[in-house]
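Below is one structure, written out as structure tokens; the observations come after it.
What follows draws every value from the coordinates through simple rules; no lab data is involved. None of these values were measured; they are calculated from a predicted model. So basically every Cβ, Gly included, is an ideal-geometry build from the backbone, and we count neighbours across all protein chains shown.
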């Protein structure tokens, strides 16, 4: 079965699930990662930031991230993959649509801010492509849906490309830094893709601080096997009643 035979459902409080409405009910990789205890810095941010500020940040960074991903990845393939997600994010930032998770919408200034951030990210992406040899000719796939029915999860990562004889699985992030959860996330994707992955990369481009980096698995302290074992432990901790709640959200 491929991703085209599954439907995706996202619920702001409960997470995301993929299903065939029959035997398969697969939580997303990010939903599994939400089981992890929050880092002290994140706890401090949540404690010291008003609900209004948190909503504003979520609104802008989520929609900006969606469109920056598209702007970068669309350079690598001829196939058009603009979807309802990208369309919704553009309309939200332009001020033509309300963002469901936050109830907010943008305006002219928001859209101009996004365009400036996008232009910086594209300049950084051009440099990354030149340094790491990420070209259309080397690209194997983008926005690739994968699932692991043995452990029970599914998700979508950004890029699969060839670096010489190596197959590289990469994910673009617009965060301020590379976090442990990003490494665990890639380890989970690598165990779900139907090709041997030689290397994993987090491609981080943060327009706010105008910083970028490529974090490669052959330079990580953590072993791939240990990262995947941690993910499997988290998946086992995702309680049945949480999965049942996601099912109920879908069927209800």
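One table, with the values for the structure above:
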| quantity | calculated |
| --- | --- |
| Extension reserve of the residue 219-residue 233 stretch, reckoned as 0.36 nm per residue once the Cα distance is removed | 2.7 nm |
| Sequence ranges 41-50, 10-19, ranked by mean other-Cβ count within 10 angstrom, highest first | 10-19, 41-50 |
| Relative contact order, percent, the chain [alpha-carbon distance under 8 Å, six or more residues apart] | 19 |
| Given (i) 18.2, 49; (ii) 24.9, 91; (iii) 18.7, 65, the label whose value is Rg and Dmax of the Cα atoms in Å derived from this model | (i) |
| Region 172-233: antiparallel DSSP beta bridges as a percent of all, rounded to 5 | 75 |
| Extension reserve of the residue 78-residue 23 stretch, reckoned as 0.36 nm per residue once the Cα distance is removed | 16.3 nm |
| Per-pair calculated FRET efficiency, R0 = 35 Å: residue 119 and residue 54 via Cβ, rounded to 0.05 | 0.85 |
| Whole-number Å³ per residue for the convex hull built on Cα positions in region 132-252 | 141 |
| Residues residue 165 and residue 12, FRET efficiency given R0 of 45 Å [Cβ-Cβ distance, rounded to 0.05] | 0.55 |
| Residue among 236, 30, 165 with the largest mean-square fluctuation in a Gaussian network model of the chain, springs linking Cα atoms under 10 Å | 165 |
| Taking only Cα atoms of region 57-166, radius of gyration then Dmax in Å | 16.0, 47 |
| The chain - mean residue ellipticity at 222 nm from DSSP helices (-39,500 (n - 2.57) per run, n ≥ 4, rounded to 500) | -14000 deg cm²/dmol |
| Rel. contact order, % - alpha carbon contacts under 8 angstrom, at least six apart, region 102-251 | 18 |
